[in-house]
Amino acid sequence: MSTQRRGRSIAMEDHERDAFLAEQRVCRVATNGPSGPHATPLWFVWDNECLWLYSLTRSQRWTDISRQPRIAVVVDTGHDYLELRGVELVGEAEVVGEVPRTGQPEPALETPESLFATKYVGLDTLPYDERHAWLRIRPETIRSWDFRKLGG
């Protein structure tokens, strides 16, 4: 994975990026389909190495990724200019586990499911609705920015 930075003065350090991605709740996923780009908000978890998306399997996003797995994901926050922070991750999405997810044992999903259950459901284990499945993105490129570093 290469980490490209938009100006070293405003780029997040790895530990800042990891903390930021752990606290944020919504990402924007950009896929490319037959009719062009498609961007959607989605919940996610970051395990300090990979971004995990728990996506509906009957969605345009899933269809697009099945055809073309290369995607971009943005997580950002801030209102005023000097508050803007964000991370862009680019890579290929790969399906991990069963489709749709019913809860069959899958060691690779233990960490993301635990993180997701705690972050979004307030439980220790993730309940399965048999409509979602997991996508893992091992970022090829990560770009970050934190305009708070510009000072006032």
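If you average over every viewing direction, what projected area does the convex hull of the Cα atoms of the stretch 85-150 give, in nm²?
Hull-based average projected area comes out at 5.9 nm².
Based solely on its DSSP helices, what 222 nm [θ] is calculated for the chain when runs of n ≥ 4 H residues each add -39,500 (n - 2.57) and the sum is averaged over all residues, nearest 500 deg cm²/dmol?
-4500 deg cm²/dmol
What range in the chain is the longest one free of GluC sites (Glu not before Pro) that are in a loop by DSSP and have at most 14 other Cβ atoms within 10 angstrom?
Between the exposed loop sites, the longest stretch runs 50-129.
May I ask you to give the percent of accessible area on the chain that is carbon plus sulfur, with a probe radius of 1.4 Å?
That fraction is 48 percent.
At most 14 other Cβ atoms within 10 Å plus a DSSP loop assignment makes a site exposed; report the longest stretch of the chain without any exposed trypsin sites (Lys or Arg not before Pro).
Maximal segment without exposed cleavage sites: 59-130.
Once the principal axes of the Cα atoms of the chain are found, what is the range along each, listed largest first in whole angstroms?
Here the spans come out as 50, 39, 28 Å, largest first.
Can you work out the accessible area per residue across the chain, with the rest of the protein chains kept in place, probe 1.4 Å, in square angstrom?
54
The values are calculated or read from the model by the stated rules, or taken from the named source; none is laboratory data. Being a predicted model, the structure only gives us computed values, none of them experimental. Here the Cβ is made from the backbone with ideal geometry for all residues, glycine too, and neighbour counts use every protein chain on show. All accessible areas refer to the heavy atoms of the entire protein, side chains included, with ligands and DNA or RNA removed. Shrake-Rupley method; radii C 1.70, N 1.55, O 1.52, S 1.80 Å.
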